[in-house]
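The values are calculated or read from the model by the stated rules, or taken from the named source; none is laboratory data. All values derive from a computational prediction rather than experimental measurement. Methodologically, a virtual Cβ is constructed for each residue, glycine included, from the backbone with ideal geometry; neighbour enumeration extends over all protein chains shown.
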Amino acid sequence: MEIIIALTVLALLFPVIAYMQAKGTASYTFTSQQVEVQESLRIALSKMSTELKTASPSTVRISNDGRKISFDNSERTAGFRYDPYSREVESYINGVWLPFASNIEDVLFQYYPELAVVDITVKGRNGISETQELTTTVSLRVR
Amino acid sequence: MKNLFTDQRGMGLALIIILTAYIFIIGCSALALSISSRRNAGLEICRQKAYYTAEAGIEQAFSLIRSGRIDLSAVDSAETVHFVPDYIAADYAGGLIGYVKAFRAGDSEEKYIITMESLGIFQQARCVLRVEAEISSSADPPSLYKIRVLSWKVNE
């Protein structure tokens with residue numbers, strides 16, 4: 001009799017506990033992927049806005065439907081582009097495109113020559129995480 | 001009378017109840033922890049969006065000052081210039097530029113220091129950026145002024 005009661009209690013509580021554990025694990029995975037994407041977006045936006053501030057406005061060129069930007073600064077020709085196959089943002093350094101941020105879903109550059117400002121929008125996603133988006137404006141310093 | 005310490009009837013049930021309660025508490029703790037970290041991750045992206053909204057306000061104001069659309073050299077040093085909503089739109093990328101205001105120190109028209117403050121709002125997150133910059137006349141057209149950032153502080 002005692003064993004039957006114990007097994008009944010266990011059978012009733014086990015699905016509840018299993019559900020809670022599964023929920024906790026899923027939530028943990030979601031959060032870690034979300035944080036990973038946030039870090040990628042922050043790094044991407046920070047690097048791009050810092051370098052774009054040194055761009056000479058007359059040299060800014062946007063191509064690939066706003067997914068690629070090239071510019072000259074006082075030292076060299078630089079640029080950024082989005083690679084949809086590797087889902088990375090790449091930086092143009094010494095004639096080579098090198099990735100610096102991953103888990104990126106889309107990048108959009110918009111240039112307003114009359115104000116010499118560039119709007120940058122970066123979207124990111126990884127696994128089960130939601131699509132996250134960051135936007136900022138950069139005023140070009142060198143004229 | 002049976003001895004309380006030697007009679008083992010009911011021990012299985014007690015053991016199962018204790019074990020189940022233990023696993024239940026551990027499960028609850030793990031769930032609470034993951035829910036709170038999920039909420040923090042959501043808040044963090046809001047904070048980042050608020051920061052970049054405030055930064056956009058500062059950058060747009062810099063652009064207006066550099067091109068001479070807003071001439072702070074003619075502004076009295078005690079006066080505060082508000083950029084939102086007359087020069088900068090309040091709505092920005094799903095968030096809000098609460099205000100961008102600037103006031104200058106020094107009387108020289110060629111070179112002076114400005115303190116600029118911008119408030120970025122995204123949902124429940126707010127971020128205030130306080131920037132000090134030196135404005136000087138530019139010899140290279142089309143810019144009328146050169147801007148050199150002296151300090152960049154964040155208050156959340």
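If only residues of the stretch A:127-143 that are more than 7 Å from every other protein chain (Cβ to nearest Cβ) and modelled with pLDDT of 90 or more are counted, the one that is nearest to the chain's Cα centre (by Cα) is A:E133.
If you check B:G12 against the conditions, is it at the interface with chain A (Cβ under 7 Å from one of its Cβ atoms) and surrounded by fewer than 17 Cβ atoms within 10 Å (Cβ to Cβ)? Give the steps one after another, and end with the answer.
Values: at the interface with chain A (Cβ under 7 Å from one of its Cβ atoms): yes; surrounded by fewer than 17 Cβ atoms within 10 Å (Cβ to Cβ): yes.
Here the answer is yes, as B:G12 does meet what is asked.
Scanning the stretch A:1-25 for residues that are surrounded by 14 or more Cβ atoms within 10 Å (Cβ to Cβ) and closer than 14 Å to B:F24 by Cβ turns up A:V9, A:L10, A:L13, A:I17, A:M20, A:Q21, A:K23, A:G24. For the stretch A:60-67, the criterion of being within 14 Å of chain B (Cβ to nearest Cβ), charged (D, E, K, R) and more than 19 Å from B:E55 (Cβ to Cβ) is met by no residue.
If you check A:V35, A:V89 for being more than 30 Å from B:R9 (Cα to Cα), among the β-branched types (V, I, T) and in a strand (DSSP E or B), only one passes: A:V89. In this structure, is A:S91 over 21 Å from B:I58 (Cβ atoms), of a type in the set (S, T, Y) and surrounded by fewer than 18 Cβ atoms within 10 Å (Cβ to Cβ)? For A:S91, the condition - over 21 Å from B:I58 (Cβ atoms), of a type in the set (S, T, Y) and surrounded by fewer than 18 Cβ atoms within 10 Å (Cβ to Cβ) - is not met. Selection of first residues in the stretch A:1-18 that are closer than 14 Å to B:L15 by Cα and of second residues that are among the basic types (K, R), restricted to Cβ pairs under 9 Å at least 6 apart or on distinct chains, gives the following pairs, ordered by first then second residue: A:E2/B:R9.
Are any residues in the stretch B:1-52 of a type in the set (D, E) and in a helix (DSSP H, G or I), and if so, which ones? Hit for the stretch B:1-52 is B:E44, nothing else.
Sort out which residues of the stretch A:42-70 are basic (K, R), over 14 Å from A:D106 (Cβ atoms) and buried (at least 16 other Cβ atoms within 10 Å of the Cβ), and write them in order of number. It would help to see each step written out before you state the result.
We begin by selecting, within the stretch A:42-70, every residue basic (K, R); these are A:42, A:47, A:53, A:61, A:67-68.
Those left that are additionally over 14 Å from A:D106 (Cβ atoms): A:42, A:47, A:53, A:61.
Once the filter is applied, which keeps residues that are basic (K, R), over 14 Å from A:D106 (Cβ atoms) and buried (at least 16 other Cβ atoms within 10 Å of the Cβ), the stretch A:42-70 yields A:R42, A:K53.
How many of the residues making up the stretch B:63-98 are part of a strand (DSSP E or B) and either more than 26 Å from A:Y111 (Cα to Cα) or touching a residue at least 24 places away in the same chain (Cβ under 8 Å) (or both)? Let's see the steps before the verdict.
Step one: filter the stretch B:63-98 for residues part of a strand (DSSP E or B), giving B:81-82, B:91-92, B:95-98.
Filter once more, so that each one left must be either more than 26 Å from A:Y111 (Cα to Cα) or touching a residue at least 24 places away in the same chain (Cβ under 8 Å) (or both): B:81, B:92, B:95-98.
Residues in the stretch B:63-98 being part of a strand (DSSP E or B) and either more than 26 Å from A:Y111 (Cα to Cα) or touching a residue at least 24 places away in the same chain (Cβ under 8 Å) (or both): 6 in total.
Within the stretch A:73-123, the set of residues being in contact with a Gly (Cβ under 7 Å, 6 or more places away or on another chain) and of a type in the set (F, W, Y) comprises A:Y92, A:F109.
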